Amino acid sequence: VPTHVKSICCIGAGYVGGPTCSVIALKCPHIKVTIVDINPVRIAAWNSDVLPVYEPGLDEVVRECRGRNLFFSTDVDAAIKEADLIFVSVNTPTKTSGVGKGFAADLHYVEASTRRIASVATSSKIIVEKSTVPCRTAASMRTILESNSTFAADGTQISFQILSNPEFLAEGTAIRDLFAPDRVLIGSLDTQQGKAAANALSEVYENWVDRSKVYQTGLWSSELSKLAANALLAQRISSINSLAAICEATGANVDEVAHACGLDGRIGNKFLKASVGFGGSCFQKDILNLVYLSESLGLKEVSDYWHQVIKMNEYSKERFARKVVSTLFNTITFKKIAVLGFAFKKDTGDTREAAAITLCKYFRQERAFIAIYDPKVTTNQIMLDLTEPGVVDDAEAVRKQVRIATSMQDACDDAEAVIICTEWDEFKNASKQEWEAIYKAMKKPSFLFDGRGIVDTKMLREVGFKVHAVGKGPVIVDPVWA
Ligand code: UDX
Ligand code: UDX
Ligand code: ADP
């Protein structure tokens with residue numbers, strides 16, 4: 001197995017593989033990095049001026065290394081053959097049918113790429129699991145590779161070392177996170193070969209990350225740490241969102257509560273922003289994985305405990321949606337609702353598990369008309385999300401009820417209520433004049449529901465809006481509401 005890495009292949013040119021390996025190429029000009037994908041449209045986009053992933057700073061990174069030591073290709077086999085080290089960075093969605101449906105990860109993309117590696121490799125390699133996977137996936141990959149490995153041209157048997165190297169980047173800040181990670185986690189077998197492979201990968205990161213930040217563990221610890229880190233982060237959001245409900249019922253202010261708690265160094269002040277609910281491709285999926293794992297291990301109480309984090313998130317979205325309806329005099333039928341922000345967080349065009357999808361579904365069921373504005377998400381993506389099988393099948397009906405707007409003002413024209421679903425700076429920094437123009441164009445009374453706690457409620461009330469912000473005091477529905 002290689003002890004120094006000169007050539008890297010990344011299988012899967014998605015949100016994780018693309019940015020991660022682009023940064024490796026930038027920081028390691030002496031390493032050839034080839035990112036491959038079976039999806040030719042995606043690869044064409046990576047080779048164009050409009051990358052398939054919107055991520056601040058990514059364009060610059062790709063522009064600097066593409067064609068130098070960074071390549072995007074659909075020739076998976078050639079890239080596998082050439083590489084000393086292969087990142088497996090394919091998607092691992094939650095299963096939608098079969099055993100573990102709704103909880104377990106669908107590993108068939110991981111298995112397919114592992115089998116591909118086994119069948120085309122002509123030299124020994126380090127295989128790195130980069131996708132978030134359930135514990136023990138590395139063991140399965142190992143079995144597949146060992147049972148299928150062939151002989152090199154010189155007659156020696158090819159060998160593989162499997163490492164787990166989960167990615168902790170967050171979308172929207174991917175490049176910043178990759179440049180200065182809190183830690184790089186590398187899990188390996190506790191054997192001489194395993195350690196040697198881990199050191200070879202560590203050496204790649206040490207081109208820009210301080211060695212003290214590289215933490216080497218066993219394979220299972222590494223796999224579990226990824227699920228655990230996401231579960232703990234999501235748990236903080238569900239915890240603060242549960243407190244937001246108490247704040248609204250009592251008149252306390254959740255930002256003050258979060259700040260007061262966060263001043264305790266043991267708690268810390270980060271990741272305590274109350275919201276309409278968390279989204280993104282990782283939190284829900286990883287917790288469901290953890291729930292499924294605990295249950296499979298016969299640890300029912302553990303499984304119930306983590307499942308509650310997701311249930312609280314569903315409740316947060318539902319509670320917010322109900323608040324909108326009850327405030328608008330218990331009906332939004334045929335009313336125009338403006339939805340500001342569709343991405344699951346700011347600075348990304350990604351909508352996976354976005355709270356806005358759940359809210360729009362709810363508003364549609366109440367037969368409202370919805371105008372959606374998001375600075376980055378494409379019209380196509382929004383329509384896809386709202387017509388996704390399982391959400392709604394009737395595309396024609398969606399088109400009758402949903403309009404994609406071109407600006408905040410456009411979305412809010414003639415609306416009864418504005419709903420902020422994503423914390424885009426554009427919404428946060430909108431001036432009093434802009435809000436005044438929006439207010440003027442809306443039906444009266446004009447309601448604003450801030451699902452992200454980003455607007456200046458005092459200023460908006462001065463403008464004339466009736467404002468409800470998550471976790472900030474009770475909504476008063478009667479006309480006395482100032
Ligand atoms: C997350 C983890 O942060 C990252 O380490 C892991 O590698 C992948 O999953 P990501 O999903 O990209 O990253 O974004 P993150 O910033 O964690 O936000 C997730 C969701 O939680 C978003 O919908 C965000 O708006 C929400 N959130 C976050 C809150 O509602 N409140 C907060 O305080 C923080
Ligand atoms: C706690 C709070 O820390 C303090 O801020 C508050 O004012 C009163 O309650 P205390 O109960 O004195 O203080 O001790 P603490 O250090 O918080 O420990 C509580 C329990 O948790 C102990 O049994 C401790 O052993 C246990 N613990 C603490 C753990 O099991 N693991 C930990 O990581 C920390
Ligand atoms: P993530 O958020 O984990 O990066 P994505 O869905 O964005 O997930 O990206 C995963 C990518 O992996 C997709 O572009 C998909 O086409 C690609 N992929 C899946 N299976 C294979 C495979 N066997 N070989 C090459 N690419 C694959």
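The numbers here are math on the coordinates, done by the rules we state, and not lab data. These numbers were taken from a predicted model, which means no experiment stands behind them. Glycine also receives a Cβ, built like all others from the backbone with ideal geometry; neighbour counts cover every protein chain displayed.
Descriptive notes on the structure:
- Antiparallel content of DSSP bridges confined to region 78-181, in %, to 5: 20
- A DSSP coil position with no more than 13 other Cβ atoms inside 10 Å describes the following trypsin sites (Lys or Arg not before Pro) in region 312-404: Arg367.
- Proxy reagent accessibility, fewest Cβ within 10 Å first, across Glu318, Glu423, Glu171: Glu318, Glu423, Glu171
- Extent along principal axes [Cα atoms of the chain; Å; largest to smallest]: 85, 48, 43
- Residue-wise HN-Hα couplings along region 77-86, as the Karplus relation 6.51 cos²θ - 1.76 cosθ + 1.60 with θ = phi - 60° gives them from phi, are 4, 4, 5, 4, 4, 6, 7, 8, 9, 10 Hz; Gly and Pro carry x.
- Residue (of Asn380, Thr406, Ser303) at the positive-pole extreme of the chain, dipole from beta-carbon charges: Ser303
- Cα gyration tensor shape of region 252-482, rounded if a/c is under 1.5, else prolate or oblate by comparing a/b with b/c: oblate
- Rounded to the nearest 20, the size of the Cβ-charge dipole of region 252-482 about its Cα centre is 440 debye, with Lys and Arg at +1 and Asp and Glu at -1.
- Applying the Karplus relation 6.51 cos²θ - 1.76 cosθ + 1.60 with θ = phi - 60° to region 405-411 yields 3J(HN,Hα) values of 9, 9, 7, 4, 4, 4, 5 Hz, where x marks Gly and Pro.
- Amide H partners (placed H, <5 Å) of Val128, local residues excluded: Ile86, Phe87, Val88, Leu163
- Unit charges on C-beta of K, R, D, E only; dipole of region 7-209, Debye: 320
- Packing-based exposure ordering (other Cβ within 10 Å, fewest first) of Glu416, Glu301, Glu388: Glu301, Glu388, Glu416
- The chain, dipole about Cα centre (Lys/Arg Cβ +1, Asp/Glu Cβ -1), debye to the nearest 20: 520
- With each label modelled as a point 7 angstrom along the Cα→C-beta vector, the Glu64-Ser431 pair spans 3.6 nm.
- In this structure the amide hydrogen of Ala105, modeled in the peptide plane, comes within under 5 Å of the amide hydrogens of Lys95, none closer than 5 places in sequence on its chain.
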